[in-house]
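Just below is one structure, and these are the notes that go with it.
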Amino acid sequence: MEEHYRHLYEALSQVDGYIYPNEIDLHWGLMIVLYPYITGLVAGAFILASLERVFNVKVLKPTYGLALLTALAFLFVATLPLVSHLQHPLRAYEILMTPNPTSAMAIFGFVYLWYLMVVLLLEIWFDYRLDFVLWSKKSTGFKKYFYKIITLGIHDTDEKSAKIDDKLGYFITVLGIPSAFLLHGYVGFIFGSIKANPWWSSVLMPVIFLFSAMVSGIALVMIIYMVVSWIRKVKIDMPCLDTIAKYLFYILIIDFTLESLDQIHRIYEAEESFDIIKVLVSGKLNITLLVMQVILGTIIPLIIIGIFQIYKPSEKIRKAAYFFVGIIVLIGIFFMRWNVVIGGQLLSKSLSGFTSFNAVYSGMEGYLMAAVWLILPLFILTFLLWLMPPWKKVTTHE
Amino acid sequence: MGPKRIENKRRKFFQTSAALIGGTLLYSLIKPFEALAQPKEEEDPKIDKADLPLWGMGVDIEKCIGCGKCAEACKIENNVPIEPFYFRTWVEQYTVKKNGEVKIESPNGGIGGLKQSVPDEDIFKSFLVPKLCNHCTKAPCVQACPVGATYISPDGVVLVDETYCIGCSYCIQACPYGARFMNPVTKVADKCTFCYHRITKGLQPACVEACPTDARIFGDLRDKETDLVTFLQENPTEVLKPHLNTHCRVFYNGLSSEVR
Amino acid sequence: MPKIIFRLLFSFVVFVGVFILIQRSLKPDSFGEYGHYRGNSLNDNKMRTPYFKGEAKCAECHEDVYDMKSMDLHDGVRCESCHYPKIDANTDCEVGPPIVKGTIKFCAQCHGINAARLDKGVPQLVLKEHYENQNCIECHNPHAPWDLKE
């Protein structure tokens, strides 16, 4: 606690203008930045998978299974930063036991459960069921038991059951698209519905969150696809990669347009809060917003992929460029979340001053913990890829 | 009737019953969401709200001298940590300078007495505003709490359930007045309760008790005889941030438009 | 209905059923009594002990001071505004009130000059000009400020 107080005294000395005395403590730190970030990756990866299946973009087939498993791996972790930031993590179960129907955060618990249990797990299950049955006959040890249990005792491998799997899987995917929209739109709503905070309170917030989620998810799957192919020493399917990049390009444009729209709207309306937002954007958020989010995370990727739409250099250059674009897009979207979550708390609700954010390294809210939550899903993904490699699948949906 | 038929029959039975059970369960799962569509007025037959008091407070800016006694008394009465980051109530000093600039300050929440930092000749006007939880009728914090750990009591006070709060800070983000904070000792959200333990025993809140100039008037808004009602009748009063439609129950007399 | 759907539906129903059972059992008893919160929490909030006892309580032991104060201009300033309460001060008259030092800083909380305080009935002083560097209580009695010692 002494540490905490010392920290706050430091923040107190950096206060700009006037803030309410209770606002010196920034209540939402790095963990809440990660939470929409990771949920966004899930929603984005899932939508990429749906693109292939529902919208019939067949070139994307090599990434279908990968995208689903990525979504799953990140979804397992998605709520953990949220729980670890709670002051009473052991009471977290109350959110599911006595959810307050008017609270955006409470309903999120159910949206999450719905998405995990009904959409993602089921879709993956339908996709893999037949393979589980076949694999369970061939493999040994842990894998065998796992495959046995996960089939839920259904051993049909005939044509008809495969058809049913396919149909149901398709149905779930169709159901999954609005669910993924809901999942991430909802995260945006958690911020957008706070009328007390002029930086958050915006009807566009859910939509912006949604599109930035797609951007980040697609970029992530693109990178993972490249890395996995590289590790497996197989050739990267270039048309597939080009198509992913193309979608990334389009959605990035939509995302950028929406965000600009939001800001233009703010600038033009110039409400009571505008004066302070102006100072916020040009001051405390200068680097994270203008440099990291807009220039690095949006403009540069748009230019690079934009050029590729007209002029296609050699595969090698394109691969390197896509990898680079993927990384900077991920960084850019991370800072987008940062600017929303941290930026919104930097300005005082008295609209006449700023507090400052001092990150810590250790502890529940520190950088180390953040790194854990970002790396953990990659381990889970590795495990999932070992357990149910999409490239070893015998069956594929139509 | 071979075994196969029985098998089939049994399966049929399972199927229909499963569908029935599933249906009801699903319904009860969806039910909480209904309230989302149409927020019901909380009404309970056990308590007749009209018999209960409806607590409120009047703040007379014209009387406040910014001695900070209320903020200090509040900390003592409610075991709020003494560090200058935790306040259930505090006093702000607004100074409008001759060049139109507004300077707001509240060092240590006003505890120890506020001092004017602007030289006299630059001052256009200066006044003091005590702040506290406004006990909104449509409280954004109560709306936001995911678990129902903060609520409006039947007598109109916004309270926190310390044994139930999970410490997510969402209510703190939702409060437009900055009246909430995370108590570092109990690790739950903390806020002004109008000294609920005092008012239910017939006492005045600690801040009202400590105010040397009676700048705070506390009372029952339903009882037409109280000082508070007289205060509201005799003075033009205003609430803070009315555009947010929170319907506060803390009323200010002499509120200037600079106050946020 | 194909077996697979039945199995899944069944698992779903079991899952939801178990969830609802857990929910029923973990919900606190008094939850929802008056609204979406634990009804007993109202009592929890009521139960705490008040620190501030009020002037009547102070006067039980210190009637002399109380009378003196009510005769003078500090009448409106209640004992506990200056002497912050101790939780056990209501029981034993032998226990003195919490010590306050009548320093310049102490009186300045209310009497130090501040543009926002003028014309509010509390006299303001530029303390430097008013008998510089002498503690206020060397001349004024804090309880009856016009009861000057000199």
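Can you tell me which residue is surrounded by the fewest Cβ atoms within 10 Å (Cβ to Cβ) among those in region A:1-18 that are touching a strand residue (DSSP E or B) at 6+ places or on another chain (Cβ under 6 Å) and within 10 Å of chain B (Cβ to nearest Cβ)?
From region A:1-18, those touching a strand residue (DSSP E or B) at 6+ places or on another chain (Cβ under 6 Å) are A:16-18; that's our starting set.
Filter once more, keeping what is within 10 Å of chain B (Cβ to nearest Cβ): A:17-18.
Values: A:GLY17: 17, A:TYR18: 22.
Residue satisfying both the conditions and the ranking: A:GLY17.
Does region C:35-67 hold any residues that are within 12 Å of chain B (Cβ to nearest Cβ) and in a loop (DSSP other than H, G, I, E, B), and which are they? Before you say what the answer is, go through the steps one by one.
Going through region C:35-67, the residues within 12 Å of chain B (Cβ to nearest Cβ) turn out to be C:35-58.
Hits for region C:35-67 are C:GLY35, C:HIS36, C:TYR37, C:GLY39, C:ARG48, C:THR49, C:PRO50, C:TYR51, C:PHE52, C:LYS53, C:GLY54.
Give the residue, chosen from A:LYS163, A:LYS137, A:LYS144, that is surrounded by fewer than 22 Cβ atoms within 10 Å (Cβ to Cβ), without any contact (Cβ under 8 Å) to a residue 12 or more places away in the chain, closer than 16 Å to C:ILE5 by Cβ and not aromatic (Phe, Trp, Tyr).
Working: A:LYS137 fails: closer than 16 Å to C:ILE5 by Cβ; A:LYS144 fails: closer than 16 Å to C:ILE5 by Cβ.
Result: A:LYS163 is the single residue among A:LYS163, A:LYS137, A:LYS144 that is surrounded by fewer than 22 Cβ atoms within 10 Å (Cβ to Cβ), without any contact (Cβ under 8 Å) to a residue 12 or more places away in the chain, closer than 16 Å to C:ILE5 by Cβ and not aromatic (Phe, Trp, Tyr).
Please specify each residue of region C:80-127 satisfying the condition of being modelled with pLDDT under 85, polar (S, T, N, Q) and touching a helix residue (DSSP H, G or I) at 6+ places or on another chain (Cβ under 6 Å).
Of everything in region C:80-127, those that are modelled with pLDDT under 85, polar (S, T, N, Q) and touching a helix residue (DSSP H, G or I) at 6+ places or on another chain (Cβ under 6 Å) turn out to be C:ASN90, C:GLN124.
A quick yes/no check of all residues on (1) modelled with pLDDT of 85 or more; (2) assigned to a helix (DSSP H, G or I):
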| position | (1), (2) |
| --- | --- |
| A:ILE124 | yes, yes |
| A:LYS137 | no, yes |
| A:LYS143 | yes, yes |
| A:ILE154 | no, no |
| A:ASP166 | no, yes |
| A:LEU175 | yes, yes |
| A:LYS195 | yes, no |
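Go through region A:362-392 and give me each residue that's part of a loop (DSSP other than H, G, I, E, B) and buried (at least 16 other Cβ atoms within 10 Å of the Cβ).
The first filter runs over region A:362-392 and keeps only residues part of a loop (DSSP other than H, G, I, E, B), leaving A:362-366, A:388-389.
Within region A:362-392, A:MET364, A:GLU365, A:GLY366, A:MET388, A:PRO389 qualify.
Might you check whether a residue that is within 30 Å of A:GLU94 (Cβ to Cβ), more than 9 Å from every other protein chain (Cβ to nearest Cβ) and either of a type in the set (Gly, Ala, Ser) or more than 17 Å from the chain's Cα centre (by Cα) (or both) occurs anywhere in region B:194-217?
no
What number of residues within region A:156-192 are within 30 Å of A:SER202 (Cα to Cα) and within 11 Å of another protein chain (Cβ to nearest Cβ)?
Qualifying residue count for the region: 2.
Looking at this structure, is B:ILE82 more than 8 Å from every other protein chain (Cβ to nearest Cβ) and either among the β-branched types (Val, Ile, Thr) or touching a Cys at 6+ places or on another chain (Cβ under 7 Å) (or both)? Steps first, please.
Values: more than 8 Å from every other protein chain (Cβ to nearest Cβ): yes; either among the β-branched types (Val, Ile, Thr) or touching a Cys at 6+ places or on another chain (Cβ under 7 Å) (or both): yes.
Yes; evaluated as a whole, the condition is true for this residue.
Within region B:89-109, how many residues turn out to be facing another protein chain (nearest Cβ under 9 Å), touching a residue at least 40 places away in the same chain (Cβ under 8 Å) and buried (at least 24 other Cβ atoms within 10 Å of the Cβ)?
The qualifying residues number 2.
Return the residue satisfying two criteria in turn: it lies in region A:124-134 and is under 30 Å from A:LEU80 (Cβ atoms) and within 12 Å of chain C (Cβ to nearest Cβ), and of such residues it is surrounded by the fewest Cβ atoms within 10 Å (Cβ to Cβ). I'd like the intermediate steps shown before the answer.
Filtering region A:124-134 down to residues under 30 Å from A:LEU80 (Cβ atoms) leaves A:124-129, A:131-132.
Cutting the leftovers down to within 12 Å of chain C (Cβ to nearest Cβ) gives us A:125-126, A:129.
Values: A:TRP125: 19, A:PHE126: 22, A:ARG129: 25.
Going through the qualifying residues, I end up with A:TRP125.
Quick one: count up the residues across region B:71-128 that are under 21 Å from the mean Cα position of the chain (by Cα), among the aromatic types (Phe, Trp, Tyr) and over 27 Å from B:LEU203 (Cα atoms).
Qualifying residue count, region B:71-128: 1.
Which is at pLDDT 90 or above, on the phi < 0 side of the Ramachandran plot and surrounded by 20 or more Cβ atoms within 10 Å (Cβ to Cβ), of A:TYR268, A:TYR322? If you could, list the steps in order and put the result at the bottom.
Values: A:TYR268 fails: surrounded by 20 or more Cβ atoms within 10 Å (Cβ to Cβ).
Answer to the check: A:TYR322.
Of the conditions (1) surrounded by fewer than 17 Cβ atoms within 10 Å (Cβ to Cβ); (2) closer than 28 Å to B:GLU77 by Cα, C:VAL14 satisfies every one except a single condition; which number is it?
With respect to (1) surrounded by fewer than 17 Cβ atoms within 10 Å (Cβ to Cβ); (2) closer than 28 Å to B:GLU77 by Cα, C:VAL14 is out only on (2).
Quick one: what pairs do we get from region B:121-134, first residue within 8 Å of another protein chain (Cβ to nearest Cβ), second outside any strand (DSSP E or B) and surrounded by fewer than 24 Cβ atoms within 10 Å (Cβ to Cβ), C-beta under 6 Å, 6+ apart or different chains?
Cβ pairs passing all conditions: B:ILE123/C:ALA115; B:SER126/C:ALA115; B:SER126/C:ALA116; B:PHE127/B:ILE61; B:PHE127/C:ALA116; B:LEU128/C:ALA116.
What is the residue count in region C:68-79 for residues that are facing chain B (nearest Cβ under 9 Å) and buried (at least 17 other Cβ atoms within 10 Å of the Cβ)?
Number of matching residues: 3.
Out of all the residues in region C:18-67, which are of a type in the set (D, E, K, R) and buried (at least 18 other Cβ atoms within 10 Å of the Cβ)?
C:ARG38, C:LYS53
Filter region C:126-146 for residues that are within 13 Å of chain B (Cβ to nearest Cβ) and surrounded by 13 or more Cβ atoms within 10 Å (Cβ to Cβ) and give the result.
C:LEU127, C:PRO142, C:PRO145
Can A:LYS235 be described as touching a Ser or Thr at 6+ places or on another chain (Cβ under 8 Å), farther than 25 Å from A:ARG318 by Cβ, of a type in the set (D, E, K, R) and not in a helix (DSSP H, G or I)?
On the way: touching a Ser or Thr at 6+ places or on another chain (Cβ under 8 Å): yes; farther than 25 Å from A:ARG318 by Cβ: no; of a type in the set (D, E, K, R): yes; not in a helix (DSSP H, G or I): yes.
Spelling it out, it is not the case that A:LYS235 is touching a Ser or Thr at 6+ places or on another chain (Cβ under 8 Å), farther than 25 Å from A:ARG318 by Cβ, of a type in the set (D, E, K, R) and not in a helix (DSSP H, G or I).
The values are calculated or read from the model by the stated rules, or taken from the named source; none is laboratory data. Everything numeric here is computed off the predicted structure, so don't read it as measured data. Quick reminder, even Gly has a Cβ in these numbers, built from the backbone with ideal geometry, and neighbours come from all protein chains shown.
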